[in-house]
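First comes the structure, then the notes that go with it.
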Amino acid sequence: MPGTRKLGKTTSQRMAMLRQQVTDFLDTGRMETTVTRCKEIAPLAEKMITLGKAKDLPAYRQALAFITREDVAKKVFDEIAPKYADRNGGYTRITRIGNRRGDAAEVAVIELV
């Protein structure tokens, strides 16, 4: 389960949003969103990459249960995870970039290291 931030949503809405954001993040390798959402996305994305390093069927099925698109899960196992084979965690970086103009929410960029 992700951290304790509720992000103004019910549990099912929050999990659906986080699943989709993690999928999009792993697909592009970079995402711009609020700092609190970045802090929720990072551990989930790192868990998916760690599953990709396992390279076995149970890990692939676990990743598919969370990632919403099969092509992204395949990309994690075939392209992203081998890149971090010699690294024990710390696959993401969060960089704060200022405030959003509309609502002054603090915005950050999360990217793969």
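The values are calculated or read from the model by the stated rules, or taken from the named source; none is laboratory data. A quick note: this is a predicted structure, and the numbers were derived from the prediction, not measured. Counting neighbours? That spans all protein chains shown, and the Cβs are built from the backbone with ideal geometry, glycine included. These area figures cover heavy atoms from the full protein model, side chains too; ligands, DNA and RNA do not enter into them. Shrake-Rupley method; radii C 1.70, N 1.55, O 1.52, S 1.80 Å.
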| said: So I94 passes all but one of these: (1) loosely packed, with under 11 Cβ neighbours inside 10 Å; (2) touching a Cys at 6+ places or on another chain (Cβ under 8 Å). Which condition number does it fail? | reply: (1)
| message | Could you check region 1-16 and list, in sequence order, the residues that are open to solvent by 50 Å² or more (accessible area, probe 1.4 Å) and part of a loop (DSSP other than H, G, I, E, B)? | response | M1, T4, R5, K6, G8, K9, T10
| Is there a residue being in a loop (DSSP other than H, G, I, E, B) and either open to solvent by less than 40 Å² (accessible area, probe 1.4 Å) or touching a Gly at 6+ places or on another chain (Cβ under 7 Å) (or both) anywhere in region 17-27? | no
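How about region 54-113: which of its residues are among the hydroxyl-bearing types (S, T, Y) and touching a Phe, Trp or Tyr at 6+ places or on another chain (Cβ under 9 Å)?
Those that are among the hydroxyl-bearing types (S, T, Y) and touching a Phe, Trp or Tyr at 6+ places or on another chain (Cβ under 9 Å): Y60, Y84, Y91, T92.
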| Which is among the acidic types (D, E) and at pLDDT 95 or above, of D86, D27? | D27
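With the requirement that a residue be open to solvent by 70 Å² or more (accessible area, probe 1.4 Å) and more than 30 Å from A105 (Cα to Cα), what does region 57-84 give you? Before you say what the answer is, go through the steps one by one.
We begin by selecting, within region 57-84, every residue open to solvent by 70 Å² or more (accessible area, probe 1.4 Å); these are 57-58, 61-62, 65, 69-71, 74, 78-79, 83.
Listed by number, the residues that qualify are L57, P58, R61, Q62, A65, E70, D71, K74, D78, E79, K83.
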| query | Looking only at region 57-100, which residues are of a type in the set (S, T, Y) and either part of a helix (DSSP H, G or I) or closer than 18 Å to M31 by Cα (or both)? | reply | Y60, T68, Y91, T92, T95
| remark: Selection from region 30-56 of residues assigned to a strand (DSSP E or B) and open to solvent by 70 Å² or more (accessible area, probe 1.4 Å) yields R30, E32
